[in-house]
Amino acid sequence: MKTGLVLEGGAMRGLFTAGIIDVMMENDIWPDGLVGVSAGAAFGCNYKSRQPGRAIRYNMRFARDRRYCSWQSWLKTGDLFNAEFAYHTVPTQYDKFDDEAFEQNPMAFYAVCTDVETGAAVYKQLTESTPLTYDWIRASASMPLASRVVELEGQKVLDGGVSDSIPLEFFERIGYDRNVVILTQPSGYQKQHNRLMPLMRMALRRYPEMIRALDGRHLMYNRQLDYVAQAEREGRCLVIRPDAPIAIGHVSHDPDEMRRVYDSGRRKGEEQLQRILTFYRRQA
């Protein structure tokens, strides 16, 4: 049996996830595979590179830096999070990503994107740490309206959360039997229809299948919540989620707010640590 870690996205709510996975790394918990969506991929890649603390560190450092995330970047480049600075300059110059550790860690790592021409999920396994790998992670976290369509290896892709927000079913399908699932919404949450659909239709009018996926995303997400709940009842997964809605926007320029969300994740990770250890050890 193989152990897996499934990380939902959620933009800056992903700092809650970062706190949990840092606690897991600090306690030498190394699942066989990790699949991350959007912020789950952007922060989860630090699990494979064995770098606890990195996600909160660089987010706080560059919280108010216009080169990192700003409307100026969006107007100039089409990306709210500057593609070159955030995904290439920061990890190679300012807060270095450990490429060697990423490649040597045997844990499989998947980033989920959405093919804008088909509306279908793309599950990209990333084994080497290269500029192309950084761009696949960027694509997974590239939210419609806030980002340009990313063209990689013959595919046009955006945010993986549009097509597969909680990829537990995917991970089970490829052989991960015991999965910890980290969600960024509390129990009882149900996603509603996107109020920005009129803008989405205009911005993505060249991609009707992507528009269709966006239009039905809330239905897909809520079905996935049902799937996760059933898997949890059957003992196939362990779900960790916040106790209440996380009070942070999709974008934040407040380091203290970021730290508060991250610390809430650390507390949850410490609270759930024994359950995680017990759950993974039940594999036979």
Problem - region 65-75, residues that are more than 25 Å from residue 133 (Cβ to Cβ) and of a type in the set (Lys, Arg) - result: 66
Practice task
Out of 243, 263, 254, report the one residue that is of a type in the set (Asp, Glu), open to solvent by 20 Å² or more (accessible area, probe 1.4 Å), closer than 26 Å to residue 147 by Cβ and in contact (Cβ under 8 Å) with a residue 24 or more places away in the chain.
Solution key: 254
Completion exercise
Picked from region 119-149 (must be free of Cβ contacts under 8 Å to residues at least 24 places away in the same chain and part of a strand (DSSP E or B)), the residue surrounded by the fewest Cβ atoms within 10 Å (Cβ to Cβ) is 125
Exercise for the section: Would you check if residue 172 is within 29 Å of residue 62 (Cβ to Cβ), open to solvent by 30 Å² or more (accessible area, probe 1.4 Å), among the charged types (D, E, K, R) and not in a loop (DSSP other than H, G, I, E, B)? Expected result: no
Exercise for the section: Can you give me the number of residues within region 41-77 that are open to solvent by 10 Å² or more (accessible area, probe 1.4 Å), among the aromatic types (Phe, Trp, Tyr) and assigned to a loop (DSSP other than H, G, I, E, B)? Expected result: 1
Practice task
Find the residue count for region 79-110, including only residues that are surrounded by 14 or more Cβ atoms within 10 Å (Cβ to Cβ) and either small (Gly, Ala, Ser) or assigned to a loop (DSSP other than H, G, I, E, B) (or both).
Solution key: 12
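Quick grid of which residues meet (1) open to solvent by 10 Å² or more (accessible area, probe 1.4 Å); (2) of a type outside the set (A, V, I, L, M, F, W, C); (3) at pLDDT below 95; (4) not in a loop (DSSP other than H, G, I, E, B):
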site: 187; (1), (2), (3), (4): yes, yes, no, no
site: 192; (1), (2), (3), (4): yes, yes, no, no
site: 199; (1), (2), (3), (4): yes, no, no, yes
site: 280; (1), (2), (3), (4): yes, yes, no, yes
Exercise for the section: Enumerate the pairs (first residue in region 189-202 and closer than 16 Å to residue 221 by Cβ; second residue anywhere and surrounded by 13 or more Cβ atoms within 10 Å (Cβ to Cβ) and among the polar types (S, T, N, Q)) with beta-carbon separation below 7 Å, excluding pairs fewer than 6 apart on the same chain, so at least 6 apart or on different chains. Expected result: 190/222; 191/222; 200/194
Handout entry: Flag for residue 156 being crowded, with 17+ Cβ neighbours inside 10 Å, at pLDDT 95 or above and more than 18 Å from the chain's Cα centre (by Cα)
Key = yes
Practice task
Kindly establish whether residue 210 is in contact (Cβ under 8 Å) with a residue 12 or more places away in the chain, of a type in the set (A, V, I, L, M) and part of a helix (DSSP H, G or I).
Solution key: yes
Exercise for the section: Answer yes or no: is there a residue in region 175-182 that is in contact (Cβ under 8 Å) with a residue 24 or more places away in the chain, within 24 Å of residue 143 (Cα to Cα) and not in a helix (DSSP H, G or I). Expected result: yes
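The values are calculated or read from the model by the stated rules, or taken from the named source; none is laboratory data. This is a predicted model, so every value here is computed, not measured. Here the Cβ is made from the backbone with ideal geometry for all residues, glycine too, and neighbour counts use every protein chain on show. When the accessible area is computed, the model is the full protein with side chains, heavy atoms only, and any ligands, DNA or RNA have been set aside. Shrake-Rupley method; radii C 1.70, N 1.55, O 1.52, S 1.80 Å.
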